[in-house]
Amino acid sequence: MAYENGVLVYGEAKDGRLLSITGELLNVGRQLADSLGQPLSAALIGEGTAELAQEAIALGADKVFVVDDAIFAEYLHDLHVPAAVNVAKEVDPYIILAGQTASGRDLAPHLAFHLDTGIAIDCTALEIDSSTNRMRATRPFSGGNFRQVIGVKTQPQMATIRSKAIDGAAPDTSRTGEVVNVNHGVDASQSRMKFIESKPIESEGVRLEDADVVVSGGRGIGGPEGFEGLEDLAAIFDGGAVGGSRAATDSGFTAPERMVGITGVIVAPNLYMAIGISGASQHLAGCGGAKTIVAINTDEEAQIFGSSSFGVVGDYKQVVPAFAEEVKKLLQG
Ligand SMILES: Cc1cc2nc3c(=O)[nH]c(=O)nc-3n(C[C@H](O)[C@H](O)[C@H](O)COP(=O)(O)OP(=O)(O)OC[C@H]3O[C@@H](n4cnc5c(N)ncnc54)[C@H](O)[C@@H]3O)c2cc1C
């Protein structure tokens, strides 16, 4: 595939809006394209995506390849993969990026297979090696204990990017670009799959991924009743949500979907409170992007203190209520 055709990112959209991963992909894609001196293209496959093309341009795309059809309203492997292959063949890019998301982790490796190329998955950083003009991909490895830097020897060079690993691009509405409607050539009647339904998981308040403040508890919380205090603390903050370590979710202290970490949700809030959490690398992989980490732990040697901006050595049963009182005063004040 051709160097001069630059970088192609597969954006994601739902319910008439671009998902945050699209801005993150466009941000890193823009950096790679600028390093190469080549264009950045975005593919938007879905229903109603034509209306989102300008938004993708504002986020950094030079060209947007739109596949807008009701058959793509929900991700279905049998439909999206052939459409994505057709777009890749039309764009003929040097580098292809997708999100390490529910749909991206299905789409991207299959796309790599159909394009007969290699792929670096679950990356947290990408750059161009200026001596070779090839992509260098950084990814956590061995449960987050190591970082690997790898390259793809074939072309197009492909990678998936972990959600929240990279900041989203800031929109610039003065940017202009080209929009190309692609004939996807997919016959929905040939699909072996059909979409039945998707149901949101019932949860109150803010989604963990979107929360500004995450109050997470670990094994040190001791049981579900201890999490009630964490719920109260999170509720004080506008945009607060409760998370947990794997030890806490596996023990049933809190719901499994609240697990933060390499095998759970990745969060990047302004404030992350790690309470009764030792700070295993697999947990930190899910919260290391937080602007400020505050740890509360009885063990002054706990690993979490090495990754936190502020730490309190003490029993959470005493520290959390006192902390909550002070926060309330400050917020009222
Ligand atoms: C492949 C793999 C993937 C994994 N993925 C994840 C993942 O995504 N997310 C994740 O979280 N883990 C993950 N783990 C597990 C991870 O390695 C740790 O075992 C787990 O994070 C530990 O949870 P914890 O910190 O709550 O428990 P512990 O390590 O047992 O720590 C409990 C902490 O609580 C403190 N404490 C005890 N009592 C109190 C008290 N009263 N007040 C304050 N502090 C107190 C203790 O000093 C201790 O530091 C994974 C492991 C593997 C092998």
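The values are calculated or read from the model by the stated rules, or taken from the named source; none is laboratory data. Please read these numbers as outputs of a predicted model, since none were measured by experiment. Counting neighbours? That spans all protein chains shown, and the Cβs are built from the backbone with ideal geometry, glycine included. Protein only, heavy atoms only, side chains kept; ligands, DNA and RNA dropped before computing areas. Shrake-Rupley method; radii C 1.70, N 1.55, O 1.52, S 1.80 Å.
Got a sec to turn the phi values of region 219-226 into Karplus ³J(HN,Hα) couplings, 6.51 cos²θ - 1.76 cosθ + 1.60 with θ = phi - 60°, whole Hz, x for Gly and Pro?
4, x, 6, x, x, x, 5, x
Using only helices, what value at 222 nm comes out for the chain when you add -39,500 (n - 2.57) per DSSP H run of length 4 or more and divide by the total residues, to the nearest 500 deg cm²/dmol?
Numbers: 9 runs with 95 residues, N = 333.
Helix-only estimate at 222 nm: -8500 deg cm²/dmol.
Just T49, T160, T176 to compare: in a GNM of the chain, with alpha carbon springs under 10 Å, which one fluctuates most?
T176
5 Å is the cut-off here: which amide hydrogens, built 1.01 Å from N in the peptide plane, fall below it relative to R134, excluding neighbours closer than 5 in sequence?
So R134 has HN proximity to D129.
Can you list residues whose amide H is under 5 Å from C123's amide H, if they're 5+ apart or on another chain and H is modeled 1.01 Å from N?
The list, which skips near neighbours in sequence, is T160, I161, R162.
Between S251 and residues 5 or more places away or on another chain, which pairs have amide H atoms under 5 Å apart, with H built 1.01 Å from N, and which residues are they?
For S251, whose amide H was placed from the backbone, there are no distant partners under 5 Å.
For region 196-303, which trypsin sites (Lys or Arg not before Pro) pass both filters: DSSP loop (anything but H, G, I, E, B) and at most 15 other C-beta atoms within 10 Å? Kindly include the intermediate steps, with their values, before the conclusion.
On the way: sites: R207, R219, R246, R258, K291; in loops: R207, K291.
In loop regions of region 196-303 (DSSP not H, G, I, E or B), the sparsely surrounded trypsin sites (Lys or Arg not before Pro) are R207, K291.
Could you sort S278, S191, S130 by accessible area so the largest value comes first, with the probe set to 1.4 Å? Could you put the intermediate results ahead of the total?
On the way: S278 75, S191 30, S130 105 Å².
Greatest to least solvent exposure: S130, S278, S191.
Between R175 and K329, what is the label-point separation in nm under the 7 Å Cα-to-beta-carbon projection?
Calculated label separation equals 4.7 nm.
Sort the following peptides by mean Cβ neighbour count (other Cβ atoms within 10 Å, averaged over residues), highest first: 81-87, 58-64. Provide the component values of the computation, followed by the final result.
Numbers: 81-87: 21.4, 58-64: 23.7.
Those peptides, ordered most packed to least, come out 58-64, 81-87.
In whole angstrom, and with the biggest value first, how far do the Cα coordinates of region 215-333 range along each principal axis?
39, 27, 25
For E257 paired with A2, estimate the spin-label separation in nm (one decimal), with each label point 7 Å from Cα along the Cα-to-Cβ line.
Distance between the two pseudo-spin positions: 4.5 nm.
State the answer as a single residue: which of C123, A56, S216 lies farthest towards the positive end of the charge dipole of the chain, with beta carbon charges of +1 for Lys and Arg and -1 for Asp and Glu, about the Cα centre.
It is C123.
Tabulate in residue order the Karplus-calculated ³J(HN,Hα) for region 54-67, using 6.51 cos²θ - 1.76 cosθ + 1.60 with θ = phi - 60°, rounded to whole Hz; enter x for Gly and Pro.
Running phi through 6.51 cos²θ - 1.76 cosθ + 1.60 with θ = phi - 60° gives 5, 5, 5, 5, 4, 8, x, 6, 8, 9, 10, 9, 9, 10 Hz.
Which value, in debye to the nearest 20, gives the size of the charge dipole of region 208-332 about its Cα centre, when Lys and Arg are +1 and Asp and Glu are -1 at the Cβ? Each step should come with its number before you reach the end.
Values: 7 positive and 16 negative charges, 37 e Å.
Charge dipole of region 208-332: 180 debye, to the nearest 20.
So what are the ³J(HN,Hα) numbers for region 265-273, from phi and the Karplus equation (6.51, -1.76, 1.60; θ = phi - 60°), rounded to whole Hz, Gly and Pro as x?
7, 9, 10, 9, x, 5, 10, 10, 9
Sorting H114, H77 by accessible area (1.4 Å probe), largest first, what list results? Walk me through the intermediate numbers first.
Values: H114 100, H77 40 Å².
I get H114, H77, largest accessible area first.
Quick one: ranking T173, T154, T263 by accessible area, 1.4 Å probe, largest first, what do you get? Write out the running numbers ahead of the final one.
On the way: T173 130, T154 60, T263 95 Å².
Correct descending sequence by accessible area is T173, T263, T154.
Taking the Cβ-Cβ separation of E127 and E225 as r and a Förster radius of 56 Å, what is the calculated FRET efficiency to the nearest 0.05?
Details: r = 47 Å, r/R0 = 0.85.
Efficiency for this residue pair is about 0.75.
What accessible surface, in Å², does a 1.4 Å probe find on K329, ignoring ligands, DNA and RNA and rounding to the nearest 10?
About 120 Å², rounded to the nearest 10.
Can you give the longest stretch of the chain with no exposed loop site, where a site means GluC sites (Glu not before Pro) in a DSSP loop (not H, G, I, E or B) with at most 12 other C-beta atoms within 10 Å?
1-196
Under 28 Å Cα-Cα from K89, which lysines qualify once same-chain neighbours fewer than 8 residues away are excluded?
Within the straight-line cut-off, K89 pairs with K14, K63, K153, K194.
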